[in-house]
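Report on the structure given below.
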Amino acid sequence: MNKYEIVVIIHPDLDDEAIEQALGRIEGWVTESGGSIDNVDKWGKRRMSYEIQKQDEGIYYLLNVSMPPALISDLEKNLTILEPVIRYMIVAKNK
């Protein structure tokens, strides 16, 4: 299992329940595929450098996860179609 950092920007107009559902789905995708969530860090609402989907702010989350490398492509597909997610980035941590 490799360690990864996933940064997710969620739509700022959502209520807390919708945000928790979106994070729950992301965590579920990782754990159902044999990975684990090591830490979830809420960075809060921040102004973005440029407008995305007519939004200039987003709610940022950092997820530290352990998962097999083969899971990344499936996770990227799922994150792309998850509507509350404006942008995401998956980065491998150094060993």
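For the reader, a short list of remarks on this structure follows.
- Summed side-chain charge close to Gly58 - residues other than Gly58 whose Cβ falls under 14 Å, Lys, Arg +1, Asp, Glu -1: +1
- Relative to the longest principal axis of the Cα atoms of the chain, the long axis of helix 71-81 makes an angle of roughly 20 degrees.
- Sequence-separation-based contact order of the chain, relative, with Cα cut under 8 Å and 6+ spacing, percent: 49
- The long axis of helix 16-32 is offset from the longest Cα principal axis of the chain by roughly 20 degrees.
- Taking Ile19, Ile37, Ile52 as the candidate residues, the one with maximal mean-square fluctuation in a Gaussian network model of the chain, Cα springs under 10 Å, is Ile52.
- Spatially proximal lysines relative to Lys54 (Cα-Cα < 21 Å; intrachain offsets below 8 disregarded): Lys45
- Remark: the chain carries a charge dipole of roughly 480 debye about the Cα centre, counting +1 on each Lys and Arg Cβ and -1 on each Asp and Glu Cβ.
- Candidates Leu75, Leu23, Leu63: whichever shows maximal mean-square fluctuation once the chain is modelled as a Gaussian network with Cα springs under 10 Å: Leu75
- The fraction of all Cα pairs in the chain landing in successive 5 Å bins from 0 to the largest distance is 3, 13, 26, 25, 18, 10, 5, 0, given as whole percents.
- Fraction of accessible area attributable to carbon and sulfur, the stretch 24-67 (%, probe 1.4 Å): 39
- Among the trypsin sites (Lys or Arg not before Pro) in the stretch 1-89, those placed in a DSSP loop whose Cβ has at most 12 other Cβ atoms within 10 Å are Lys54.
- Averaged per residue, the chain has 62 square angstrom of accessible surface, using a 1.4 angstrom probe with ligands and nucleic acids left out.
- For a straight C-alpha distance cut-off of 20 angstrom, the lysines reachable from Lys77 (same-chain residues fewer than eight places away being disregarded) are Lys3.
- Per-residue ellipticity at 222 nm computed for the chain from its helices equals -9500 deg cm²/dmol, with DSSP H segments shorter than 4 residues left out and the rest contributing -39,500 (n - 2.57).
The values are calculated or read from the model by the stated rules, or taken from the named source; none is laboratory data. Computed from a predicted structure; not experimentally measured. A quick note on method: Cβ atoms are made from the backbone with ideal geometry, for glycine too, and the neighbour counts reach across all protein chains shown. Side chains are part of the model used for accessible areas, which takes the heavy atoms of the whole protein and leaves out ligands, DNA and RNA. Shrake-Rupley method; radii C 1.70, N 1.55, O 1.52, S 1.80 Å.
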